[in-house]
Every structure is written in C-alpha cells, then in structure tokens.
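Contents: one structure, followed by commentary.
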Amino acid sequence: MPSDASGDHVTLKLILVSGRTREFSFSPSISAAEVTQFVFDHWPQEWEEESVDSASLLKLIYHGRFLHGSVTLSALALPPGKTTVMHLVTRENLPEPNSNDSLSKRKRGGCCRCTLS
C-alpha cells in the first residue's frame with residue numbers, strides 16, 4: 001500500500017535490531033498494522049536472516065513507544081514528504097499499559113511473595 005510519488009506520502013526508514021535499514025513510502029492514511037503487513041509481504045532480501053512467520057509478530061516503535069495496529073501515520077502527525085525513522089521489532093505480545101500483574105505486585109509490597117518490614 002505504498003503511496004504515489006507525490007509529496008503527500010510518508011517515508012518510513014525502518015531499522016531492525018541488527019541495524020539493517022530500509023525505506024518504504026506510504027499514504028498517511030495507512031495504519032501501523034497495514035505497514036507491518038506490507039513490510040512482511042515485501043520482506044527485503046537483505047533481511048532474510050531476520051524474517052518472521054507472520055506479520056502479527058512485527059511491531060513498530062516510534063519515539064520509544066510501541067504503535068498499536070489501528071493508529072494511522074497521519075494520527076502521529078508525521079511530516080509528509082520527509083523521512084521518519086521507526087524501529088521494526090518482533091514481539092509476540094505488546095506490554096499492557098496498566099498491567100494487573102504490576103498492580104498486584106505493588107499491592108503485595110514487592111515483586112515476590114516476601115514481606116517488607
């Protein structure tokens with residue numbers, strides 16, 4: 001779902017953990033899930049060693065935060081006609097923003113079953 005060659009496209013420079021990079025151009029209306037699906041479907045040959053079995057394992061990180069699948073590039077206010085850098089990582093599950101596990105640990109007073117005196 002890349003955009004046309006006009007100036008209203010968004011160019012993403014995706015960086016893998018290995019440091020390999022590749023640029024892709026998209027319409028601002030595309031979602032993060034559509035970006036990862038497109039990249040999965042058009043996986044660069046030079047990234048072959050880092051390929052995954054499913055697009056759902058690919059996650060985008062922008063400004064230190066995982067992007068949820070429904071967020072669009074325009075919602076991130078990415079500048080059209082410019083290149084924006086994002087990290088592309090493999091994750092099976094996104095961390096929960098307010099994990100119940102963390103809350104229960106705080107209520108117990110620590111990270112384990114011990115008691116603090």
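Just so you know, all these numbers are worked out from the coordinates, no wet-lab data involved. Here the structure is a predicted model, which means the values were calculated and not measured. Cβ placement follows ideal geometry from the backbone for every residue including glycine, while neighbour counts extend to all protein chains displayed.
Any idea which residue in region 60-71 is surrounded by the fewest Cβ atoms within 10 Å (Cβ to Cβ), counting only those that are touching a helix residue (DSSP H, G or I) at 6+ places or on another chain (Cβ under 8 Å) and of a type outside the set (A, V, I, L, M)?
Here the answer is Ser70.
Filter region 42-51 down to the residues that are surrounded by fewer than 13 Cβ atoms within 10 Å (Cβ to Cβ) and either of a type in the set (Phe, Trp, Tyr) or within 16 Å of the chain's Cα centre (by Cα) (or both) and list them by number.
Scanning region 42-51 gives a single hit, Ser51.
Given the conditions (1) loosely packed, with under 14 Cβ neighbours inside 10 Å; (2) under 15 Å from Met86 (Cα atoms); (3) of a type in the set (Ser, Thr, Tyr), report the number of the one that Ser31 does not fulfil.
(1)
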